[in-house]
Amino acid sequence: MAEGGDVEWELCKENIQPLRRGRHISALQEALSQQQEGDNSAINQQRQAFESELRMYDGDDPLDVWDRYIKWTEQTFPQGGKESHLSTLLERVATRFTEEKKYHNDPRYVEHWIKFAMTCPEPLDIYRYMQAQGIGATQASFYIAWSEEYENQGNSCKADLVYQEGFKKHAEPNEKLQQFHKALQARVSRQVMMNVEEDDSDDEPKQPERISLVDLKHRGKKKAIVPVNRTGSAIRSVSGGLQSQGTSVLGNASNSRLVIFDENKIPSAGPSEPKLESWGAPPTARAKENEQRPEKWCDVKMRQKNKYGQTIMAPPPSKPTFQPFVEESDQPPTMTPCKINPAVNTVLSARKPCREETPLKRIQELHQHQNESEPGKPQEESMYCKELLLSGVTEFCFEELRAERYHQKMAQKTEVRGQSDQASATDVK
Amino acid sequence: MTSTLKGITLKGSAEIVAEFFSFGINSILYQRGIYPPETFSRVTHYDMSLQVTTDVKLKNYLTNVVSQLKEWLCECTVQKLVLVITCLETNEVLERWQFDIECDKSAKESSAPREKSLKTIQEEIRSVIRQITASVTFLPLLETPCAFDLLVYTDKDLVVPDKWEESGPQIINQSEEVRLRSFTTSIHKVNSMVAYKRADSV
């Protein structure tokens, strides 16, 4: 069975990020086996080739190189992560061409922006920024991605509005937009239907409302702790708390100075309730709601310390209710071999990103900077080819650039010479 | 199938393979989101939890197919079972799950049971289904609503039963193919494979 290679991806399945467009299985196998061997030289070489191509390219479609570079990165680094530099690349490509209007509705460029947005903590901001800049304004994929983001956040109304905006702008391809819009409507209506069905079956409100002034069931024997979720099952049966209070009020009517107003009871049931008495004394200012109720203390145990003065450990967690699956194989469980080279996966990050410095902010600042420099203010201007040195994810030095140019020239020369040689050879014949 | 089973007979083998297809198809339909996940319920089989549809129509369709398949498996006339996933709008084939079935036709003549324990067969089946589940790591996202179709390749001389019709192979052009694991009952051998549209041709 030709399964030797197949095992690779299966063992690493948790470390492969699914891609929207799927993966090339051959690229995946190669990347995984290279990682396992810890052999990065081939990858580094390819990356270097892309980096120098970014700088040396002088055709009329510079986006093409970026496009290929990013696709290569996605396929070569299945688990994503820092060493893939994918987010940096996406950010660079996004900022690199913001000024070039011809790319604003290029599907590739819009695609990169969308991917960039997905790596950001606040994708919606990015989409709004794109809209303001007119990037992807006539691309269906932009509206689809934006709408999906809204939908993921549970705002299906806004998600629908985004599609309307797309239709208004005549985004292309129109059929795709319509198809996704229909799918969204179908999802939303199915959700509504299911909610209605649930409502019919048991007359409960969708969201359990929190009721004020009710007894809560408490957890813990030593210390009464009320649950965080104070609705539904957490409420002690109403008869226990509320009514007993009510009866006590009734019984000690002569003693009680004030009657507690219960907002949960229906006002129409007013007559049966004890009539409001006039305030005998001003209510105390303190909010009593969160005070601990008086309770029996005689059975409460203090947290005990053992001989050595350490607090006793909490009891072990109770056994799970489900049966964990144990394979029946006779041999003792073997460890799944670790496929990720530990040298590649360093746990510590080099630098924590500053919270204020979001990618969007960086882009906006750059944009502003460029706009400001236009009126001819004396701005800082680098007198060397800065953008060539710092184009991709790595930094080049002058010598490298020069060497690259030299190699190019030499290659051209040999080509020319080869042609002339051929020409002369034919002459001789 | 009982625990007292000592060997594998042709009938039992057909039973095992048909059962595998029933669970395998259900798994694919669930994993690839062809039907909404809430129409599936979890069952434990092969010592693993599997999702099985609760949709009545789909259930009937699948039992129909599987029982027919069982017949053909007994006769050793089936060669392939293919699950094709097509885009509902454009009818374009997006994914093709192919299960090649190799029948050992000599089992039809000699009724002597083969030596292979049910446990090892189930072990093999388990690893196939695990791979089906794991394949989401490289398969492309099915963005549009999709339909599925089952194709069965049989020997040529077979009469096409009612409710079945002949169809083309529905092959994806420019596809990427991944071979999955295989299992064998020693009478039927099932090789599985998935083909999907190549990433840059989308």
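Below is a table of values for the structure above.
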item: Point-to-point label distance, A:Leu389-A:Lys102, nm (Cα→Cβ direction, 7 Å offset); result: 2.9 nm
item: Between helix B:118-134 and chain B: long-axis angle, C-alpha atoms, 0 to 90°, nearest 10; result: 0 degrees
item: Exposure rank, largest accessible area first [B:Glu123, A:Glu197; 1.4 Å]; result: A:Glu197, B:Glu123
item: 3J(HN,Hα) from dihedral phi, the stretch B:162-171, Karplus parametrisation 6.51/-1.76/1.60, rounded to Hz, x for glycine, proline; result: 4, 6, 10, 9, 7, 8, x, x, 6, 8
item: Violating pairs (Cα-Cα greater than 31 angstrom) within the set A:Lys182/B:Lys57; B:Lys11/B:Lys163; A:Lys13/B:Lys189; A:Lys115/A:Lys158; A:Lys13/B:Lys80; A:Lys182/B:Lys80; result: A:Lys182/B:Lys80
item: Nitroxide proxy distance, nm - points 7 Å out along Cα→Cβ at A:Ala411 and A:Phe398; result: 2.4 nm
item: Mean shadow area of the stretch A:73-185 over all directions, Cα convex hull, nm²; result: 7.4 nm²
item: Chain B - percent relative contact order, Cα under 8 Å, separation 6 or more; result: 28 percent
item: Of the trypsin sites (Lys or Arg not before Pro) in the stretch B:134-202, those whose Cβ has at most 11 other Cβ within 10 Å and which sit in DSSP loop; result: B:Lys156, B:Lys163
item: Global geometry of the stretch B:51-141, whether rounded, prolate or oblate, following the gyration tensor of its Cα atoms and the 1.5 cut on a/c; result: prolate
item: Sum of side-chain charges, A:Ile43 neighbourhood, beta-carbon under 10 Å (Lys, Arg +1; Asp, Glu -1); result: -2
item: Additional length obtainable on full extension of the chain from B:Val159 to B:Glu123, 0.36 nm per residue less Cα span; result: 9.5 nm
item: Helix B:10-31 axis, angle to chain B major axis (alpha carbon atoms, nearest 10°); result: 20 degrees
item: Within-14-Å neighbourhood charge of B:Ile187 [Cβ basis; K, R +1; D, E -1]; result: 0
item: Amide proton proximity set for B:Cys146, modelled H, under 5 Å, gap of 5+; result: B:Leu88
item: Between the stretch B:30-54 and the stretch A:122-199, the alpha-carbon center distance in angstrom; result: 29 Å
item: Where A:Glu122, A:Glu175 fall by accessible area, highest first, once all protein chains stay in place (1.4 Å); result: A:Glu175, A:Glu122
item: Candidate residues B:Arg42, B:Arg96: accessible-area rank, largest first, probe 1.4 Å; result: B:Arg42, B:Arg96
item: Over the stretch A:3-48, volume per residue of the alpha carbon convex hull, in Å³; result: 90 Å³
item: B:Glu75 versus A:Glu380: modelled label distance in nm, points set 7 Å from Cα along the beta carbon direction; result: 8.2 nm
item: For the stretch B:152-194: rounded, prolate or oblate by the Cα gyration tensor [a/c cutoff 1.5]; result: oblate
item: Radius, Kirkwood style, for the stretch A:80-141 when every pair of distinct Cα atoms is counted (Å); result: 11.7 Å
item: Sum of side-chain charges, B:His45 neighbourhood, beta-carbon under 12 Å (Lys, Arg +1; Asp, Glu -1); result: 0
item: In Å², nearest 10: area of B:Val56 left accessible to a 1.4 Å probe; result: 100 Å²
item: Neighbour cut-off at most 13 other Cβ (10 Å), DSSP loop, GluC sites (Glu not before Pro), the stretch B:140-194; result: B:Glu165, B:Glu166
item: Cα gyration tensor, the stretch A:45-122 - rounded (a/c under 1.5), prolate or oblate; result: oblate
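The values are calculated or read from the model by the stated rules, or taken from the named source; none is laboratory data. All of these numbers come straight from a predicted model, not from anything done at the bench. Don't worry about glycine lacking a Cβ; one is built from the backbone with ideal geometry, like all the others, and counts go over all protein chains shown. For the accessible areas, the whole protein counts, side chains as well, though only heavy atoms, and no ligand, DNA or RNA atoms are used. Shrake-Rupley method; radii C 1.70, N 1.55, O 1.52, S 1.80 Å.
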